[in-house]
Every structure is written in structure tokens, then in C-alpha cells.
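Notes follow once the structure below has been shown.
The values are calculated or read from the model by the stated rules, or taken from the named source; none is laboratory data. Because the structure is a prediction, the values reported are computed rather than measured. Cβ atoms come from the backbone with ideal geometry, glycine included; neighbour counts cover every protein chain shown. Surface areas here come from the heavy atoms of the whole protein model, side chains and all, with no ligands, DNA or RNA. Shrake-Rupley method; radii C 1.70, N 1.55, O 1.52, S 1.80 Å.
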Amino acid sequence: MDGADFLIIGGGIAGLSAAARLARHGKVVVIEAEEALGYHSSGRSVSFSHYGIGGEAVRALTAHSRPFFERQPEGFSEVPVAQPFASLYFAGEDELPALASLAAAMAQVTGAIRPLDADDLTALCPVLKTGPGAAVRGLFDPTGLKLDADALLQGYARSVRSQGGEIRSGRRIESIERRGEKWAVDGEIAAPILIDAAGAWADAVAALAGVAPLGLEPKRRTIIAVDPPPGMEIAAWPFAHSVAGDFYMLAEAGRLLVSPVDEVADDPCDAQPEDYDVALAADRLEHYTSLRVTRIAHRWAGLRTFAADRVPTAGFAPGAPGFFWLAGQGGYGLQTAPAMAEIVETLITGAPWPAGLAASPEQIRPERLLGA
């Protein structure tokens, strides 16, 4: 039987980023069910880092991760993993209290946001509907970062391999059992520490190991790509979000990526866009902007898997020595990956909690979800 120090189930952004940190401390083996890394969630994300989503802990993880994106390690990737890209958040008259709450929350992690009136919104995004019955106020955040998901996945994979780690893709796990002081997978490879970073399948992996589930909830998110009208320049538009949380629009590669920000409960699967959700995305674009959808150039869906409190989870499972949870990244997996990987390294090696990280261990560890 092959041996390792750390065995990681899941080759998405969570598993690979953790593997890159742990490879400093021993032999790491990553097992991914699909042939492609990050196939189900990481590779289907709009890949943006901003402070407009998540609660206090998620914003703290996002802030702690930013230095990695802004000053990526030498040799990590041949291309920049992040590019500056501003965000705006808009609200109608009846949504102004929600806008004020968002401004207060964002102000805890950045001092760069500024208020916008209707004229400002139009100047930044000319197609956004403003005035009575539409957007009247907003927030502008110049600190957003457009992330390159593929560059991040491949950079972390390269880091794992350069430190002697292995990534075994196309390997679907059938059994996990405790053999002495180690966890054995399919009777082929064993390690004293097994890290469950299997995304939507994390609870199923735990069940194979006889570990109590966290009650994770996979939810489907739909995105469509549409072409702007001929001659319309969209590259300078910020990433636009409704404060109502039911729409976003991002210019990318000459097209607009649009989502109704749906969270449809789904089983762990190869998520596919449903006709209703595709139509809903198009309808939201026409509701919030002056654009009309005549053709949908592309459509896709991905899974976002949440813990009950919508905070990512990392830590050893109570009563299961060596079984480590790394799950529930929700829609924040890419933008929080550097911080979460550092937390994994901290909790496994016994190092001090990351300096400057505003999130606490109690907010992250799985005990909070299990009542332990």
C-alpha cells in the first residue's frame, strides 16, 4: 500500500491550495474523481474577489487572502492570477436600508468604498436603469479583483508537484477505512491525516469513513453569457450587483456574464443549467438594465456547497482521529482559498493562528456545526 503523510480528497481550489501548504511538511497525495481539476465548482465560478458577499467571517477570510492575489508568489503562475476590477452595488428606494447595512459591513474591511447617486450609477454603467422604480443609490468599491480560476488551480497544482506531492485525477473513491493509525483509501494508499475537500460530495466522503456529516447543502448557480449591442463598449463597466441579491452582471472577453444569483438545492452532480433559471437570468438583465436579450451565447451551472451558517469549515472531526474537514466554501472558495489553506496548515501542524486574520478558530472549526 502506498503511503503519504496527508491524503486529500478533492482537487478543487480548496484541496489544491491546502495541499500546496501541507507539502512543506510531508508527502501529500491529492485524489480527484474527475480528469480535470476544479471541474464541478472552482472551474465554473465567475472568479471574483469582493467584499459584497458573505458575513463577517467570510469578509475576514477574503481580506486575509488578498495579499496572495496582489503579490502572487514568484513562479506560482506565468500569468497574473488577479486583475483589479471595480464593483458597484445598486439599490432601489425600498432597498436603501439594505444598502446602508452593506456599506457598514464593507467599511469594516475596506475604507475605499464611496456612495453613488443615480447619475453616478449611469456614468459607471450606462445601461443600468435608474430613477423611480429602479436604482436610485449605490456603492462603488474599487478594490475588487477578477481572479483567473484556471491560473490559480494550475499554480497550486504546480506547487504541489514541485514539492514532491502527487495529484491523482480520474480516481473515484469506493472505500475509506481506518487501519491502525492511518486512513486507507480503496486499500491502495494510506495516511495518518485524511482531508475531506470533496465539495458537494464532502458529506458522502465522510459517510464512507464512518464520520458524522456536517449537513452540507449543495446549491446550483446559473450563469449565461450574452453579447452586447454592436459597438457598445463594456470593458470598463464595473461588476454590477443588485443589493436585493438577485442579479449580477460582469463584462468578460467582450461578453456580459449574467446570473440571477440562484441557489437551487441540488444533489451532488454534474450540474447543468435548467431552462427556467436561464430564462430568469435573461429576465433579470432586462429588468435591471435597458438591454434586451436576443440570443444567449453560452450557459452553464455549477454547485456552491454551504454549511448551515454559510461559513467555510476547516478542522478535525470530533471522535475521528486524523479525519479533517475542509468544506462548505459556498460561493467564496476562490476568494478565500489562501486564508483557508493557511488555516488548514495551522490546525494540522499546531502552528499559531494566522496573524492578522480577523476570523476566529471557533467560527471555522466543524464543532460549531455538530454541537460538539
| In whole Å, what three semi-axes, largest first, describe the equivalent ellipsoid of the stretch 1-85 built from its Cα gyration tensor (square root of 5 times each eigenvalue)? | 26, 16, 14
| field | Karplus-derived 3J(HN,Hα), 6.51/-1.76/1.60, for each residue of the stretch 307-320, Hz, glycine and proline x | value | 7, 4, 9, 6, 10, x, 10, 8, x, 6, 6, x, x, 9
| Fluctuation leader among ALA301, ALA91, ALA107 - the chain, Gaussian network, Cα springs under 10 angstrom | ALA107
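Hey, what number do you get for the chain at 222 nm if only DSSP H runs of n ≥ 4 count, each worth -39500 (n - 2.57), divided across all residues, to the nearest 500?
On the way: 10 runs with 104 residues, N = 372.
Calculated mean residue ellipticity at 222 nm is -8500 deg cm²/dmol.
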| query | Which distance in nm do the two modelled labels at ARG295 and PHE76 give, with both placed 7 Å along the Cα-to-Cβ direction? | reply | 3.9
| What order do you get for 337-343, 35-41 when each peptide is scored by the mean count of other beta carbon atoms within 10 Å, highest first? | 337-343, 35-41
| task | Give the span of the stretch 116-261's Cα atoms along each principal axis, as three whole-Å numbers ordered largest to smallest. | result | 67, 35, 26
| From the list (1) 1.02; (2) 1.09; (3) 0.98, can you say which value of Rg/Rh (Cα atoms, Kirkwood Rh) was derived from the structure given? | (3)
| query | Helix 13-22: angle to the longest alpha-carbon principal axis of the chain, degrees 0 to 90, nearest 10? | reply | 50
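Based on the mean of other Cβ atoms within 10 Å per residue, sort peptides 240-248, 204-212 so the most packed one is first.
Values: 240-248: 21.2, 204-212: 18.2.
Those peptides, ordered most packed to least, come out 240-248, 204-212.
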| How high is the FRET efficiency from ASP309 to CYS269, r the C-beta distance, R0 22 Å, rounded to 0.05? | 0.35
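Report, in cubic angstrom per residue, the convex hull volume of the C-alpha atoms of the stretch 269-344.
Details: hull volume 11.7 nm³, N = 76.
In the stretch 269-344, the Cα hull volume divided by residue count equals 153 Å³.
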| request: Check the straight Cα-Cα distances from LYS182 and name the lysines below 28 Å, setting aside those fewer than 8 residues away within the same chain. | output: LYS27
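Share of antiparallel DSSP beta bridges in the chain, in percent to the nearest 5? Intermediate values should be presented prior to the final figure.
Details: 49 of 70 bridges.
Given both bridge residues lie in the chain, the antiparallel proportion sits at roughly 70 percent.
If you filter the stretch 125-213 for GluC sites (Glu not before Pro), then keep DSSP loop positions with at most 14 other Cβ within 10 Å, what is left?
Numbers: sites: GLU166, GLU174, GLU177, GLU181, GLU188; in loops: GLU174, GLU181, GLU188.
Those that pass, being in a loop and sparsely packed, are GLU174, GLU181, GLU188.
Can you work out the accessible area per residue across the chain, with the rest of the protein chains kept in place, probe 1.4 Å, in square angstrom? Mind dumping the intermediate values first?
Values: 15270 Å² over 372 residues.
Value for the chain: 41 Å² per residue.
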